[in-house]
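Some notes on the structure that comes next.
The values are calculated or read from the model by the stated rules, or taken from the named source; none is laboratory data. All figures in this text were calculated on a predicted structure; none of them were measured in a lab. Cβ placement follows ideal geometry from the backbone for every residue including glycine, while neighbour counts extend to all protein chains displayed. Remember, those area values only see protein heavy atoms, side chains included, never the ligands or the DNA or RNA. Shrake-Rupley method; radii C 1.70, N 1.55, O 1.52, S 1.80 Å.
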Amino acid sequence: MTRTRTRVSPPDQACVAAVELALEAARELARPGEPGAHLGYEGEGDRIVTHYFACLDRAYKGWRWAVTVTRASRAKNVTVSEAVLLPGTGAMLAPPWLPWSERLRPGDLGVGDLLPTSEDDDRLVPGFTGGADEELDHQMIFEYGLGRARVLSAIGRDRAAKRWHSGAHGPHTPIAHAAPAQCSTCGFFWPLAGGLRGEFGVCANEYAPDDGKVVAADHGCGAHSEAAVMPPPVEQASPILDDLGYDLIEVESGSVEESGSEELGHS
């Protein structure tokens, strides 16, 4: 096997000596502040050298000004190629970028917000599969010997239904009005058993504001399983009023009887 060696040329001395030129370029960027001490230089290639200066701005602790200088072949004058602020060892940096789906936390969804659900979301399955639980909900018509002396009556059930429907998890709330669809069509809606099955269910979406709560079937929020990014609404054009033309309307004239010297409005 033949090994090749890469020849590394020494830094150009004219570029190495151009510290004042690089410092002046750093001053232009650091205004109204001043760059700090010269931290050294680094050869970037043939006749290319980058000089580093300390950054004294308290908001950029550990950063440094980097000014790259160069000169053309057979030229004596050194010029500035670029000047930037770069992080050094131990510099404070922003955390790694994360997509919105990984930054989202339960409770972040507000009124009018939409949370699109991806097609491969593992929390949802096609409706024809019947779901993960094959057990069906059945209403217990009679309860004998189950350890409860009394169960909810029809009156108690109706009162609860009215209370839930008119409460914060019913259809008459701002977040329900701004929702793209009702809970009854959402894949995270788990219907209740018994007589309330058609009216109420439990929200099973961890990112929805109603997660784990009983919601009305006609309630809704932006975390609907079929939510999509909606196009912006089209602004309605202002009506055009014609204040130059006019129509002639005939008005029948009436008579007002005068009653002596009495003032109008008094008997």
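Filtering the range 63-100 down to residues that are closer than 19 Å to His51 by Cβ and aromatic (Phe, Trp, Tyr), which residue is surrounded by the most Cβ atoms within 10 Å (Cβ to Cβ)? For the range 63-100, the residue satisfying everything is Trp65. Highlighted here would be strands (runs of 3 or more DSSP E) found entirely within the range 187-231 that include at least 2 residues which are at pLDDT below 90 and crowded, with 16+ Cβ neighbours inside 10 Å, but there are none.
Has the range 53-62 got any residue that is within 39 Å of the chain's Cα centre (by Cα), under 30 Å from Ala228 (Cα atoms) and surrounded by 17 or more Cβ atoms within 10 Å (Cβ to Cβ)? No, the range 53-62 has no match at all.
In the set (1) surrounded by 13 or more Cβ atoms within 10 Å (Cβ to Cβ); (2) under 42 Å from the mean Cα position of the chain (by Cα); (3) among the charged types (D, E, K, R), the condition left unmet by Asp12 is number (2).
Filtered by the rule that a residue be open to solvent by 100 Å² or more (accessible area, probe 1.4 Å), in contact with a Gly (Cβ under 8 Å, 6 or more places away or on another chain) and modelled with pLDDT of 75 or more, the range 106-156 gives no residues.
Hey, any hits in the range 171-180 for a residue that's assigned to a loop (DSSP other than H, G, I, E, B), aliphatic (A, V, I, L, M), touching a residue at least 60 places away in the same chain (Cβ under 8 Å) and at negative phi?
First, the residues of the range 171-180 that are assigned to a loop (DSSP other than H, G, I, E, B): 171-173, 178-180.
Keeping just the survivors that are aliphatic (A, V, I, L, M) gives 178-179.
From what's left, touching a residue at least 60 places away in the same chain (Cβ under 8 Å): 178.
Checking which are at negative phi leaves us with 178.
Yes, the conditions are met somewhere in the range 171-180.
Among the residues making up the range 63-113, those that are within 30 Å of the chain's Cα centre (by Cα) and of a type in the set (Lys, Arg) are Arg103, Arg105. Here Ala59 fulfils each of the conditions (1) modelled with pLDDT of 90 or more; (2) over 15 Å from Val16 (Cβ atoms) apart from (1).
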